[in-house]
Amino acid sequence: MRLGVVASRLAATLAVLVAAMALLFALTLAIPGDPAAAMLGPRATPEATASITRQMGLDQPVPIRLWRFAGLLATGDFGTDIVSGRPIRDMVFEVLPFTLALAGTAIGLALALGFPAGIHAATHPGRISDRLLALVSVAFVAVPNFVVAIGLLLVFSLRLRWLPVQGAGETDDLLDQVRHLALPALAIGLGWIGYIARLVRASLLEVLGQPYIRTARAFGIGGFRLTWKLALRNAAIPTLAALGVGFGRLLGGAVFAEIIFARPGLGTLIFQAIRARNYPVVQAGVFVTVLLFVATNLVVDALFLWLDPRLRAEAERL
Amino acid sequence: MPEPIARRALLQAGVALPFAAWTGVVLAQSRERLVVRIERDIQNLDPAERPGAVEGNVIRALCRNLVAFRRGSFEIENDAARTIRQTDPTTIDFALEPGLVFPGDFGRLTAEDVKFSYERFQLPGPTGRKPAYAEDWAALDHVEVTGELTGRLILKRPSAGLWKNALADVSGAIQSRLAAAKPGRNADIGLVGAGPYVLAEWLPNRRLVLRRNPEFRGEAPAFEEIVLRPVADPTTAILGFEAGELQLTRIEANDRHALAEAKAGKLIDLPSINFVWLGINMAKPPLDDPRVRRAIRLGIDVDEVITAAYDGTVERARAVLAPGMLGYWPDAPAPARDPAAARALLAEAGRTSLRATLTLLDKPAYRNAAEVIQARLGEIGIALDLLPLDDASYWSSGAGASGQALELFLGRFGGKADPGFITQWFLPSQIGSWNWQRWNSPDYAELYARADREGDVEKRAALYVEMQRLMDQSGAFVPLTHETNIYLAAGQLDPAILPNGDDLQYPDFRLG
């Protein structure tokens, strides 16, 4: 893979990052509500309000605020939280692993269950199992995540008492953490299981109809080798693209799971910071989220190039 | 021949037995460990900068005060002070109990710690501004140390509210000055007090653990450990309670009936001392016309509003101070709805119809209240547009230009032990800050200042009644309710909660 390909992808990534943060900055200019009133309530005296305004740099002209904002992001030093006095970087990075675990597990479930389901449906088209899988997949996609979450809680936590309702589990107990992760990951991943299953079925059916597959069959290649080694490699590309975007949506969607299951996470941190108009924390949290999203898509792009030599050649030509 | 066991009975027993066993396990464990829901994680345990009641409750468990509130009451009793006496209007002498120590080798609790803890409220913090709770100690000039365990609070002016707003409350928490001066200590979380509990563990956004202080001098608290778990969503909290993961949680008023029918846990209803009212910006035409304001008051059925908002769980408020508080005005007028009189007043004011905006906090209770108000005022010719706002937007809406444009709003202020706290927000000096009515009454301000200086309880009460009479005469306030606080507690847990409903006394929690 040429360095030029890598460099162009990195440049595109940086452009996305800059555009996203510029949009965020513009939004913070427009959002109503005074941080001092949100933080201090009735104790927001004019003096306290002025002090908090100064600390947040909100009294500065917009170009200076933008410059300071860009500087903080570029150095990775997000400053100190006005309310708690803690470094904002610490606040973000101590909750980040929980969000990554949640989103990663949800994606993992989607792949582990959605892929085999989609492959089975594509290799048994029209059968009863295919029709059942279609019904179940669409149902998974159609039911809102929060309904799934409450339903799972009622059944598995309250009725059966198999899994806990809330929290993230003990730090030094992996099994406990897995138990606490199961329901929230399933709540946000269930829709993706159905979506991946449908996507894999559709793209695999299309690939299985290609002339090279018919040729391979004619040469006596069939079963596992035909499906998994010849067809799936091409059929996986649209699914990977969907997952790349999906990871970003999962990061954003994790906030509701974090609230319903009382889990720590980036989504909750950003949500509470928005409510409190704690702009520095919002900016840091969103920056890290966007960074994760673009990094994920960078990895997905690299996977595309690895999977499909045609894309590699085209990229090198450009 | 024995009667065969019915299948249904067997199934019921099969369900009940594990539940009973589980309940027994929970109760057996609860002497050692109690899990309590908090609505958000703690942020800053500095008594001078604490963001809210969540932190205040922890500080109360970690520290001692010179005086403290009795269990579940706003009555005061000695705490760290062996003796404390107001010798004249601006002097309070105290002598500390001997033998009180801070945990972690920070030595004895002395008068120097009292001086450090109280005087710091008047000093600028690291950011250069005065602490958020500086006003609680505004009357303090300095603390004079007269001996290792004795001292004197010297006030700039008499302040009757100092005892309950500062001394007995969280602002009166005594912390170790040696611990505060220790290099590398995190000022926001490293609070060291001589209270019944110590902060044993804090996992941000997951839990905070209070553990019994082995060096505490006094009656040991009932629970060895109290775990505070942040759970933002009320529904999640109820589910967590039903699953046995929480033993105490506050619930919303509109969940009360469902939970009462389900017989889940024990419901504790506490009438609150907050103040919820319909406020009118009397500086904004046509609301500057007293006839229009009176028409609005007569156009609303307050009982109907609070039934819709709180599902019949609250009483109607007559004035700003709640029953049981010093200065409560039991004879405050509570006019019934009279649409004919309201229309007549509007006609007299030359306003057969008008349009206004009702700003409110976007919460279910307030939305329900606003919709009922909108419907009823619509019947007398006042068309209301509802503007629900999130917390930050709402609490900013009374200040600056948006405050001038404000018309009607649903206000909600939290109460504290002393009536001076909640009544201060309606002073003329608060116009543009928290006096969203923009009610400019020098008489009210004078009465407020007199009440703050008045040492005689009965005279003080009379002054607060007079202040509320002025509020009523302005027509800018339509009192609705003092709200209620409802808690769901497991089994035999007997929580200690102060009358305002937000302040929990963790060391005074009991079983049975």
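The values are calculated or read from the model by the stated rules, or taken from the named source; none is laboratory data. Only a predicted model underlies this, so the values are computations on that prediction, with no experimental measurement involved. All Cβ positions, even for glycine, are placed from backbone atoms using ideal geometry, and neighbour counts span all protein chains on display. Only protein heavy atoms, including side chains, enter the accessible area calculation; ligands, DNA and RNA are left aside. Shrake-Rupley method; radii C 1.70, N 1.55, O 1.52, S 1.80 Å.
With solvent modelled as a 1.4 Å probe, how much accessible area in total do chains B and A shield from it at their shared surface, in Å² to the nearest 100?
Roughly 3500 Å².
Our summary of shape: the Cα atoms of the stretch B:385-512 have principal axis extents of 51, 44, 21 Å, ordered from largest down, in whole angstrom. If you add up the charges near B:Val302, with Lys and Arg at +1 and Asp and Glu at -1, over every other residue whose beta carbon is less than 11 angstrom from its beta carbon, what do you get? Local charge sum for B:Val302: +1. Can you give the FRET efficiency to the nearest 0.05 for B:His257 and A:Ala218, using r as the Cβ-Cβ distance and R₀ = 41 Å? Efficiency, rounded to the nearest 0.05: 0.05. So how strong a dipole does the stretch A:164-318 carry about its Cα centre when Lys and Arg Cβ are +1 and Asp and Glu Cβ are -1, to the nearest 20 debye? The dipole of the stretch A:164-318 has a size of about 680 debye. Multiplying the residue separation of B:Leu123 and B:Leu511 by 0.36 nm and subtracting their alpha-carbon distance yields 135.5 nm.
Under the criterion of Cα pairs below 8 Å and six or more residues apart, the relative contact order for the stretch B:124-220 equals 15 percent.
Calculation over all alpha carbon pairs of the protein assembly as shown in 10 angstrom steps from 0 returns a P(r) of 2, 11, 18, 21, 19, 13, 8, 4, 2, 0, 0 percent. Rounded to the nearest 10 square angstrom, B:Glu407 shows an accessible area of 30 square angstrom against a 1.4 Å probe. Taking only the C-alpha atoms of chain B, Rg followed by Dmax gives 25.3, 89 Å. Both radii were evaluated on the Cα set of the stretch A:59-101; the Rg over Rh quotient, with Rh as the Kirkwood radius, amounts to 1.09. With contacts taken as Cα pairs under 8 Å and at least 6 residues apart, the stretch B:358-440 reaches a relative contact order of 29 percent. Accessible-area loss of 50 Å² or more (1.4 Å probe, protein heavy atoms, chain alone versus all protein chains) is found in the stretch B:237-284 for B:Leu239, B:Glu245.
Going by accessible surface with a 1.4 Å probe and the largest first, B:Leu346, A:Leu190 read A:Leu190, B:Leu346.
Please report the net charge: other residues with Cβ closer than 15 Å to the Cβ of B:Ala462, K and R +1, D and E -1. Can you show the working numbers first?
On the way: positive: B:Arg450, B:Arg453, B:Lys459, B:Arg460, B:Arg469; negative: B:Asp331, B:Asp443, B:Glu446, B:Asp452, B:Glu454, B:Asp456, B:Glu458, B:Glu466.
My count for the surroundings of B:Ala462 gives -3.
At a threshold of 50 Å², the residues of the stretch A:37-52 that become less accessible to a 1.4 Å probe in the full protein assembly than in their chain on its own are A:Pro42, A:Arg43, A:Glu47. Per-residue accessible area (protein heavy atoms, 1.4 Å probe) orders A:Ile274, B:Ile84, B:Ile382 as A:Ile274, B:Ile84, B:Ile382, starting from the largest.
Placing pseudo-labels 7 Å out from each Cα toward the beta carbon at B:Ala341 and A:His120 gives an inter-label distance of 7.4 nm. Heavy-atom surface analysis with a 1.4 Å probe gives the protein assembly as shown a carbon and sulfur content of 59 percent of its accessible area. With the biggest extent put first, the Cα atoms of chain A measure 82, 59, 36 Å across the principal axes.
Along each principal axis, taking the top coordinate minus the bottom one, the Cα set of the stretch B:212-353 gives 70, 38, 27 Å in descending order.
Mean per-residue shielding of peptide B:388-400 is 6, counting Cβ atoms of other chains within 10 Å of each Cβ.
With a simple spin-label model that places each label point 7 Å from the Cα along the Cα-to-Cβ direction, the separation between A:Val18 and B:Lys156 comes to 5.3 nm.
Rg/Rh, computed from the Cα trace of the stretch A:165-253 with Rh as the Kirkwood radius, has the value 1.19.
Take the alpha carbon atoms of the stretch B:90-194, find their radius of gyration, then divide it by 2.2 N^0.38 Å using N residues; give the quotient. Working shown, then result.
Values: Rg = 13.7 Å, N = 105, 2.2 N^0.38 = 12.9 Å.
In units of the globular-protein estimate, the stretch B:90-194 measures up at 1.06.
Counts of other chain beta carbons within 10 angstrom of each beta carbon in peptide A:161-170 average 5. Based on protein heavy atoms only, the protein assembly as shown ends up with 44 Å² per residue of surface accessible to a 1.4 Å probe.
Largest accessible area first, the residues A:Phe93, A:Phe224, A:Phe140, A:Phe78 order themselves as A:Phe224, A:Phe93, A:Phe140, A:Phe78 under a 1.4 Å probe with ligands, DNA and RNA left out.
Quick one: compute a quarter of the convex hull surface over the Cα atoms of the stretch B:20-179 and quote it in nm². Walk me through the numbers before you get to the answer.
Numbers: hull surface 46.4 nm².
Averaged projected hull area, Cα only: 11.6 nm².
By DSSP, the beta bridges lying fully in chain B are antiparallel in about 75 percent of cases.
How large is the translational diffusion coefficient of the stretch A:6-137 in µm² per second when you combine the Kirkwood radius over alpha carbon pairs with Stokes-Einstein at 10 °C and 1.306 mPa s? Don't jump to the answer; show the numbers that get you there.
On the way: Rh = 19.6 Å.
Translational diffusion coefficient: 81 µm²/s.
Secondary-structure-derived ellipticity at 222 nm for the protein assembly as shown, considering helices only, amounts to -15500 deg cm²/dmol, per-run term -39500 (n - 2.57) for DSSP H runs with n ≥ 4. Each Lys and Arg contributes +1 and each Asp and Glu -1, all at the Cβ; summed about the Cα centre of the stretch B:278-341, the dipole is approximately 280 debye.
If you take the beta carbon distance between B:Lys182 and A:Val155 as r and set R0 to 51 Å, what does 1/(1 + (r/R0)^6) give as a FRET efficiency, to the nearest 0.05? Before the final figure, lay out the partial values.
Numbers: r = 51 Å, r/R0 = 0.99.
According to the calculation, E is roughly 0.50.
Note on A:Arg131 and B:Glu39: the model spin-label points, each 7 Å out from Cα along the C-beta direction, lie 5.3 nm apart.
State which helices in chain A qualify, where a helix is a whole DSSP H run, it must extend 15 Å or more along its own axis by its Cα atoms, and its mean Kyte-Doolittle hydropathy must be at least -0.5.
Details: long enough: A:3-30 (41 Å, 2.18); A:62-75 (20 Å, 0.99); A:88-123 (51 Å, 1.33); A:128-142 (21 Å, 1.81); A:174-208 (43 Å, 1.15); A:232-260 (39 Å, 1.28); A:279-307 (41 Å, 1.87).
Both cut-offs are met by A:3-30, A:62-75, A:88-123, A:128-142, A:174-208, A:232-260, A:279-307.
Computed over neighbours whose Cβ is under 13 Å from that of A:Val200, the net charge equals +1, Lys and Arg +1, Asp and Glu -1. Hey, which lysines would be in cross-link range of B:Lys130, C-alpha to C-alpha under 24 Å, not counting anything within fewer than 8 residues on its own chain? Answer for B:Lys130, where 24 Å is the Cα cut-off: B:Lys115, B:Lys156, B:Lys164, B:Lys182, B:Lys416, listed by chain and number.
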